[in-house]
Amino acid sequence: MRFRCQNIFNCDAETYWNKVFFDVEYNRGLYLGTLGFKQFEVLAVTGEPGGDRTRKMFTEPKSEAPAVVTKLIGGGLSYTEVGRFDAKTQKWSYDITTNKMADKVRIGGTLWVEPRGEKKIERICEVDLQVNVFGIGGVVEKFIADTTRESYEKTAKYTNEFIASHGL
């Protein structure tokens with residue numbers, strides 16, 4: 001399954017990448033506050049603002065999964081995200097590895113921004129999602145896609161609030 005999420009932010013691309021996306025305060029507030037994750041930790045970051053960068057982070061989301069998903073994976077789902085920012089293309093590519101059923105769940109994507117006027121950009125994220133579990137893979141994919149879309153909407157609101165409150 002492939003789907004796209006798009007949101008407008010009130011800043012330019014340079015501000016988004018260098019003062020928002022990689023900002024530790026922003027990410028902590030996003031994951032632990034706005035999204036209500038149980039755990040969030042940046043494990044590694046390489047590179048400098050304006051250049052190629054990588055980031056590895058660990059998260060444990062809080063979720064109210066459908067019964068079929070809970071029965072399949074149990075509790076305590078967490079994941080590690082490894083991403084790469086290509087300064088030349090201005091794109092972030094990421095892969096997610098879950099702590100359960102990692103051999104059956106594939107999640108990854110690409111995120112970029114496009115200008116939409118003065119101090120306005122549109123963040124576009126294409127997500128690739130595949131769950132290879134006979135009989136219920138589609139149900140699990142739909143749950144992940146729905147929660148991802150919901151998270152991106154919450155993220156958009158929080159991001160614009162962060163930009164405004166920090167005078168960016």
Among I144, I124, the single one that is among the aliphatic types (A, V, I, L, M) and in contact (Cβ under 8 Å) with a residue 60 or more places away in the chain is I124
Exercise for the section: Answer yes or no as to whether T98 is buried (at least 17 other Cβ atoms within 10 Å of the Cβ), of a type outside the set (K, R) and within 18 Å of Y152 (Cβ to Cβ). Expected result: no
In region 113-130, anything closer than 13 Å to T15 by Cα and of a type outside the set (D, E) is listed as V113, P115, K119, K120, I121, R123
- Query: Is it the case that region 138-151 has a residue that's surrounded by fewer than 16 Cβ atoms within 10 Å (Cβ to Cβ), under 20 Å from N27 (Cα atoms) and in contact with a strand residue (DSSP E or B) (Cβ under 8 Å, 6 or more places away or on another chain)?
  - Reply: yes
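Counting only residues that are assigned to a helix (DSSP H, G or I), of a type outside the set (V, I, T) and touching a helix residue (DSSP H, G or I) at 6+ places or on another chain (Cβ under 8 Å), which one in region 158-168 is farthest from W17 (Cα to Cα)?
Here the answer is Y158.
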Checking D95, D12 in turn, the sole residue that is closer than 23 Å to N160 by Cβ, at pLDDT 95 or above and either out of contact with any Asp or Glu (no Cβ under 8 Å at 6 or more places or on another chain) or not aromatic (F, W, Y) (or both) turns out to be D12
Restricting attention to region 101-119, the residues that are surrounded by 14 or more Cβ atoms within 10 Å (Cβ to Cβ) and modelled with pLDDT of 90 or more number exactly 10
Only unsatisfied item for E25, checking (1) surrounded by fewer than 13 Cβ atoms within 10 Å (Cβ to Cβ); (2) assigned to a loop (DSSP other than H, G, I, E, B); (3) of a type in the set (D, E, K, R), is (2)
Over region 72-92, the set of residues at pLDDT below 95 and either at positive phi or charged (D, E, K, R) (or both) is G74, G76
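Would a scan of region 132-139 turn up a residue that is among the hydrophobic types (A, V, I, L, M, F, W, C) and at pLDDT 95 or above?
no
Checking the condition touching a Phe, Trp or Tyr at 6+ places or on another chain (Cβ under 9 Å), closer than 21 Å to L35 by Cβ and in contact (Cβ under 8 Å) with a residue 40 or more places away in the chain, which residue from Y79, Y158 passes? Can you show your working first?
Values: Y79 fails: in contact (Cβ under 8 Å) with a residue 40 or more places away in the chain.
Step by step, each of Y79, Y158 is checked, and only Y158 is touching a Phe, Trp or Tyr at 6+ places or on another chain (Cβ under 9 Å), closer than 21 Å to L35 by Cβ and in contact (Cβ under 8 Å) with a residue 40 or more places away in the chain.
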| task | Kindly check whether there is at least one residue in region 132-152 that is under 12 Å from C5 (Cα atoms) and in contact with a helix residue (DSSP H, G or I) (Cβ under 6 Å, 6 or more places away or on another chain). | result | no
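The values are calculated or read from the model by the stated rules, or taken from the named source; none is laboratory data. Treat the numbers as computed from the prediction; the structure is a model and nothing was measured. Note that each Cβ is placed from the backbone with ideal geometry, even for glycine, and that neighbours are counted across all protein chains shown.
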